[in-house]
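As structure tokens, the structure follows; a few thoughts come after it.
Taken together, the values in this text are just the output of simple stated rules run on the coordinates, not laboratory data. Owing to the predicted nature of the structure, the values given are computational and were not obtained by experimental measurement. As a convention, Cβ positions derive from the backbone with ideal geometry for all residues, glycine included, and neighbour counts pool all protein chains shown.
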Amino acid sequence: MNKEIQEKLYRMIGENVRNYRSKAALTQDQLASRIDLTRTSVAKIEKGRQHTPLHLLIDIAKALGVTLEVLIPRSTDYEPLEQIDAYTRKDIKDEDKNRFDAFYEDFLKHQRQ
């Protein structure tokens with residue numbers, strides 16, 4: 001995923017965090033205290049300026065009373081099936097496949113908790 005798409009993805013995640021925080025009638029300070037962050041960090045997440053690790057997104061979702069899936073957009077400028085097709089192509093480096101596998105394993109582990 002190129003840097004431009006990554007940045008757009010984090011902005012979209014941030015917008016979702018902000019929208020669900022507002023729906024939950026929480027301030028940035030209140031959300032921050034629930035997930036052990038500063039208000040400034042929450043503001044950066046909401047603006048897409050902080051690249052949020054998966055475990056923190058899970059904590060945010062729990063604090064907002066939503067599922068992780070509602071915070072993560074289904075796509076940015078690409079179709080998910082294209083992404084899957086690209087992953088299965090033989091020209092993808094093993095290192096990138098391993099990174100994806102590790103990310104997915106971590107995601108599943110946190111979903112089961």
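Miscellaneous remarks
- Distance between the pseudo-spin-label points of Glu4 and Asn98 (7 Å out from Cα toward the beta carbon): 3.1 nm.
- Hydrodynamic radius of region 4-53 by the Kirkwood approach over all distinct alpha-carbon pairs: 10.7 Å.
- Set of region 4-25 residues, backbone N closer than 19 Å to the point 7 Å along the Cα-Cβ line of Arg34: 13-25
- Highest-first arrangement of 94-103, 12-21, where packing means the average Cβ count within 10 Å: 12-21, 94-103
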